Structures are given as C-alpha cells and as structure tokens.
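What follows is one structure encoded as structure tokens, with my remarks underneath.
The values are calculated or read from the model by the stated rules, or taken from the named source; none is laboratory data. In this text the structure is predicted, and so the values were computed from the model without any measurement. We place every Cβ from the backbone using ideal geometry, glycine too, and count neighbours over all the protein chains shown.
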Amino acid sequence: MCGIVGIVGKSNAEQIILNGLERLEYRGYDSAGMYVADRTSDHLIKAQGRIKNLEAKVTPEVTGTIGIGHTRWATHGKPSERNAHPHTSGNEELVLVHNGVIENFEELHDTYLADHHFAGQTDTEIVVHLIEVLKAQNSSTTKEAFKQALTLIRGSYAFALVDKKDSETIYVAKNKSPLLIGLGDGFNVICSDALAMLDQTTHFVEIEDGEMVTVQADEITIEDLKGNLVYRESYEAQLDLTDIEKGTYPYYMLKEIDDQPTVMRRLIQEYQGTNGQVTIDPQLKAEMIASDRIYIIACGTSNHAGWAAKAILETLTQIPVEVHLSSEFGYNTPLLSAKPFFIFLTQSGETADSRQVLVKINALGLPSLTITNVAGSTLSREAKHTLLLHAGPEIAVASTKAYTAQIAVMTLLAKAIGDEKAVQAAFDFDVFHELSIVASTMETLVDEKAVISQFAEDFLSTSRNAFYIGRGNDYYVSMEAALKLKEISYIQAEGFAAGELKHGTIALIEEGTPVIGIISEAVTGSHTRGNLKEVESRGAHTLVIASQELAKPTDQIIIPNVHPLVTSLVSVIPTQLLAYFATLQRGYDVDKPRNLAKSVTVE
Ligand code: M6R
C-alpha cells in the first residue's frame, strides 16, 4: 500500500524521488505526488493514476535538494489528484506524506480543527493541520509540534514532514507501517522499502514504533517521544539492483514464475547443514515439539500456502495443525489448545491483518514464528523466531514464488521437527532429494509456456467465470489457482472442493463454463474425475491438470511425478501460467492489477 520516499542533501531530488516511486509501484497505488525544494524555490505536484502522469508534470524548473514523494492507495477519500499526497497545512507551510490509517481522525478534527477548511477527504490532511494548530497554540517548533501530534494520534502511520521554511530537514515517524532511513555520503534518504533507494545506498537504519527521526544531509537523530536520544547501528541490505529488475522479461510475474526452480535450490542450500540435516534453531524446534497444536495464521496466497503445508506438517511432525485467516482469527479467536504454537506466514512481513494477531499472541506470552521473505520486516521483528523464504524480492502483486517458497520452508521445518521427534514418516522422507526433484519438475513445467498459453486462449480468454476443483491438497491448490486467476484477469473464479459442487454450486455450470480439475492425489483422483463428468454433462468445458501416474490419455496438462506430500509445489505452476496468459490475452496489466496492493498495511 502507500509508498514513501524522500531525500535531503542531493541535487536533482525530483529525479531520485521519481525513480524511488517507480520502484514502489509494486505496492499498489492510484495516485502519486511529490514536494521538492531548495533554498530559493519549492514545488508541489500531484497526479492521479500512474507515476508517468506525475513525471509528465515534472518540468525543468521542478528541481530541488530536498524532497518527499508518495504513492497513494486510497482508504479515506476516492483516488483523485486532490486526495493525493503530499498534503499541506492550512497556512501551506507544512507538507506531509503518510502511509497508514489514522483511527481517531474524526475526533482530532472535532477537537482541534472544527473551523478548518480541507482541500480533500483524507485522514492525512487532518494530521498536517493538527501539527499547524499545535505549533501555533504552543508557539513551538515544527519538531515539537510534530512530536506532540504523535502523542494524540491513534492508528497506523509512517509520516514524512517538511517545513517549507527549512529546506534542510525531513521529520519522520512510524507506527505499525514500515519506514527506513538510508545513509548516503553527504545526503540521507527515507523509504518504505529499501528497494526504492538501492541506487542511492545499501546502508539502512530501522526506525521503531514510537520514535521520531530528524533527517538532515549530514546526520540523522533518532529520539523517543520523551526526547531521549536513541543510537542504532545501520545494516547493509542484502539485495542488489538486478534482483529488482525485470531484465528481458515483459512482466515481473513471469520472471517470478520462472525463478521458482532457483528458489527451491537456494532453499536447499540455505537450510542444508554440513551433517546433511535441516538446519533449524534448536530453541525453535524445542518450542514446536513442546506444543500440542500448530496454528498457521495468514492472508490470501500465504493462507493458501498454509493449507498446502497442513498435511506436510501433520504427517512429518505428528502435531495437529489448524490454518486460519488472520482477519478472522484476531477478532473471533477459537478456543486455543493448552500449548499452542503460532506460525505467521507472510511474504511481505508487513500485513496488518496478520500483525494484529501477532500483537495479541505476544500479549498472551505465546510462542511464535514468522516465515517471511523480508528480513527485518515488522512481523519478523515482533515474532519470537523467523525463517526466511530466500525467494528474492517479489514485485508482481500476484504472489507466485513466495507461495512455493512458503510451502518448501514449512516442509523443511516439518522434516527438522519430525527427525527430532523420531517420527518414522520424517525418517522416510529425504527432503533435500524431494525438493531437488521438485526444482527439476518446476523447470519442465515453466518450459510449457506455449502450450499453456494456448489453453488459456481456449478456456479463459473470453470467459466471465471459471472454477478450479480438486480434493485434499488439490483443493487447496485450487483455491490458490482461483485467487491467481481472479486477482489479475478479473475473471470471477472459485476454487472448490470437488465433492462440494453438487451440493449447490453446480447450479452455476452452463454451456461453456470452464472447469479446471487438479488430480494429483491417488486416493481422491477417481472421485474428482467423477465430478468432472458431472459438470461436463451440464455443458462445462473441462481442462485436467493431472500428475503423470494418475493421468488419462485425454488429460491436457501432465505433471511429472513428485513425492505425494509436495505435489502442490508443482501442480500450482500451470495454474500460475494460465492466470498470466489469460490476463495478457484479456489486455490487462499483469503486474499491477486494479485495486490491489502488494503489501497490505491496513486492516
Ligand atoms: O505479504 P503477505 O504474504 O502477508 O500478503 C498476504 C496477501 O495479501 C497476499 O498473499 C495476496 O493475497 C496476494 N496478492 C496474492 O497474490
């Protein structure tokens, strides 16, 4: 969701900000804006829609040595130029960008700003007006007024504030939303994600909730809201620019689909110890072994990865597993077992729905693990343990390689726990061998692009709806396949437990409705075939994705055999490609679907 970049102490700030905003496009946005200034001039420009619309307004005189930029994903107030950030105070002296949601904005408005006029409808505009009022009321500095405002605000935020009378300082603060300071030589930057400023620096400093940072060209000063100074070491981002470039690919999503075999091999390398065992922190293993139930908490694709990993974890560890949607679990918490252990699955590590559960779990003193792609992300810092996905940055909004990496990491974890508990099924499962077979199988499948593109053309390019069906793991992959298809191609797609169709949903089947069956489970394959026959008799246009050992001559997409526990790692690949090609054929932007954000930092 919203992205923030800023720089102080370097000329051509406008260009650095535009580049940074482009690198934050993946987060999802509907408008963008920037403020740049130097000692003699300042410029505030905004545009609805893509960054290129903003870029078109950056005329040669729009230049500066300080600036803040923003991509907005609308929450309060529709997407429009008026609601785009930066917002200014009533006297137009203060300029603010914000990522997050201010929960008490109405209360702040009624208490402090009832007589103020606002240009748009955002909660952010309330904040910048509030800072102005506090500054005037107490004859204080901008910094003191900002600090005081932070004590009054409730909600999630990353803020960057500039006082037009001081073209050498950016004030920043965060609560629940990400924000980093990047350290340069004679300049400093701010950004929601290190990716945005990697061409400027690889050294970053984290900001914690409840801190305020004064960023100037030669120094940064971190303090808490009582004014106590905080010293924090910087860290070097383990990323390079090639990780975030598309190279010869037309879209990030295709690159990321193709990355999956490499990610599997990287995970083998990262998690294989010199003794041939899976390397997992002994403390983490001990806590999981002591638990009587594992609760997987996640949203969207990560939740689907949780479902795909459930049987793997249960088989190899012999510990029962429940999978929950974060947004439901936090407010409708089921009765917990006596010794629960929590796994938070989150590619970004910033998802607000998952974080609110983690906050509650931490308050109860319960053990937790975050499995994430982003080292140092909020959920990684706040959970007791972290395991990394090592998938490399995932830029396309539609998650692909993070899904398979999540399942693979949970497979490695399950193997480590099972070995420690001396579970026979774990002894019998050579995880590194099986994952290397998965990697080779993925390679075969990603090479099938021409064939799968043709199936997308035949089955999905003009369809208004579609169903994926399967049983067991094939059902869980169906849910993910349907999410992938709907989020980028806008086809109304559902993933169904094959046996459930006849209990109601079969009423939706009509002549030509695409129904895609996934068959990789020996025990349920024939039942799913029966369900496919039922929909065919009612006019459905059926496509079968089957594993080699269960395939019939008429099946269209055949998946080379892999170990039965990890079929979801490979059966999902053709469905990712079907979604990709159907979207291209329907003429939509694969990487940036409408209304969606990559990192969902509001509940
Ligand atoms: O970063 P997270 O894994 O916590 O994100 C969860 C979902 O928002 C995410 O998986 C979403 O469903 C993707 N757009 C799916 O492609």
Inset, instruction - Answer yes or no as to whether residue 415 is at pLDDT 95 or above and in contact with a strand residue (DSSP E or B) (Cβ under 9 Å, 6 or more places away or on another chain). - result: yes
Legend entry - Residue among 251, 235 that alone is closer than 25 Å to residue 407 by Cα, in contact (Cβ under 8 Å) with a residue 60 or more places away in the chain and of a type in the set (Phe, Trp, Tyr): 251
Inset, instruction - Spot the failing condition for residue 578; the list is (1) within 16 Å of the ligand (Cβ to nearest atom); (2) free of Cβ contacts under 8 Å to residues at least 40 places away in the same chain, and only one is missed. - result: (2)
Legend entry - Considering residues of the stretch 376-392 that are within 12 Å of the ligand (Cβ to nearest atom) and part of a loop (DSSP other than H, G, I, E, B) only, the residue farthest from residue 247 (Cα to Cα): 377
Inset, instruction - Starting from the stretch 154-171, keep only residues that are without any contact (Cβ under 8 Å) to a residue 60 or more places away in the chain, then list their pairs with residues that are of a type in the set (Lys, Arg) whose Cβ atoms are within a distance under 7 Å, requiring at least 6 positions of separation or different chains. - result: 157/174; 171/143
Inset, instruction - Scan the stretch 312-329 residue by residue and report those that are in contact (Cβ under 8 Å) with a residue 12 or more places away in the chain and away from the ligand (no atom under 16 Å from the Cβ). - result: 312, 313, 315, 316, 317, 318, 319, 320, 321, 322
Inset, instruction - Run residue 355 past the list (1) within 30 Å of residue 247 (Cβ to Cβ); (2) touching a helix residue (DSSP H, G or I) at 6+ places or on another chain (Cβ under 9 Å) and report the number of the one that doesn't hold. - result: (1)
Inset, instruction - Answer with yes or no whether residue 417 is touching a Lys or Arg at 6+ places or on another chain (Cβ under 9 Å) and either of a type in the set (D, E, K, R) or part of a helix (DSSP H, G or I) (or both). - result: yes
Inset, instruction - Looking only at the stretch 261-274, decide whether some residue is in a helix (DSSP H, G or I) and among the aromatic types (Phe, Trp, Tyr). - result: yes
Legend entry - Residues within the stretch 330-375 that are of a type in the set (Phe, Trp, Tyr) and either within 12 Å of the ligand (Cβ to nearest atom) or under 19 Å from the mean Cα position of the chain (by Cα) (or both), tallied: 1
Legend entry - Candidates 233, 287, filtered to the one that is in a helix (DSSP H, G or I) and among the acidic types (Asp, Glu): 287
Legend entry - Looking only at the stretch 475-493, and only at residues there that are in contact with a helix residue (DSSP H, G or I) (Cβ under 6 Å, 6 or more places away or on another chain) and farther than 18 Å from residue 306 by Cα, the one that is farthest from the ligand (Cβ to nearest atom): 491
Inset, instruction - Might you let me know whether the stretch 552-562 holds any residue that is charged (D, E, K, R), in a loop (DSSP other than H, G, I, E, B) and modelled with pLDDT of 95 or more? - result: yes
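Here's the yes/no breakdown for (1) within 16 Å of the ligand (Cβ to nearest atom); (2) of a type outside the set (Asp, Glu):
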| site | (1), (2) |
| --- | --- |
| 425 | no, yes |
| 457 | no, no |
| 468 | yes, yes |
| 473 | no, yes |
| 500 | no, no |
Legend entry - Every pair of residues 6+ apart whose Cβ atoms lie under 9 Å, when the first sits in the stretch 333-354 and is more than 15 Å from residue 178 (Cα to Cα) while the second is near the ligand (Cβ under 8 Å from one of its atoms) and in a loop (DSSP other than H, G, I, E, B): 344/351; 345/299
Inset, instruction - Would you check which residues across the stretch 206-232 are surrounded by 18 or more Cβ atoms within 10 Å (Cβ to Cβ) and free of Cβ contacts under 8 Å to residues at least 60 places away in the same chain and list them? - result: 207, 211, 213, 220, 222
Legend entry - Breaking point among (1) at pLDDT 95 or above; (2) under 31 Å from the mean Cα position of the chain (by Cα); (3) more than 16 Å from the ligand (Cβ to nearest atom); (4) under 22 Å from residue 439 (Cβ atoms), for residue 519: (4)
Inset, instruction - Just one of (1) in contact with a strand residue (DSSP E or B) (Cβ under 6 Å, 6 or more places away or on another chain); (2) under 19 Å from residue 592 (Cβ atoms); (3) at pLDDT below 95; (4) surrounded by fewer than 16 Cβ atoms within 10 Å (Cβ to Cβ) trips up residue 78, so point out which. - result: (1)
Legend entry - Given (1) in contact with a His (Cβ under 6 Å, 6 or more places away or on another chain); (2) in a helix (DSSP H, G or I), number of the condition residue 512 does not satisfy: (2)
Legend entry - Test: residue in the stretch 290-300 that is away from the ligand (no atom under 16 Å from the Cβ), assigned by TED's automatic domain parsing to the domain that holds residue 344 and among the hydroxyl-bearing types (Ser, Thr, Tyr): yes
Inset, instruction - Report, by residue number, each residue of the stretch 168-199 that is modelled with pLDDT of 95 or more, surrounded by fewer than 21 Cβ atoms within 10 Å (Cβ to Cβ) and assigned to a loop (DSSP other than H, G, I, E, B). - result: 168, 169, 184, 185, 186
Inset, instruction - Kindly indicate the residue of the stretch 273-293 that is within 14 Å of residue 421 (Cβ to Cβ) and among the β-branched types (Val, Ile, Thr) and also surrounded by the fewest Cβ atoms within 10 Å (Cβ to Cβ) among those meeting that condition. - result: 289
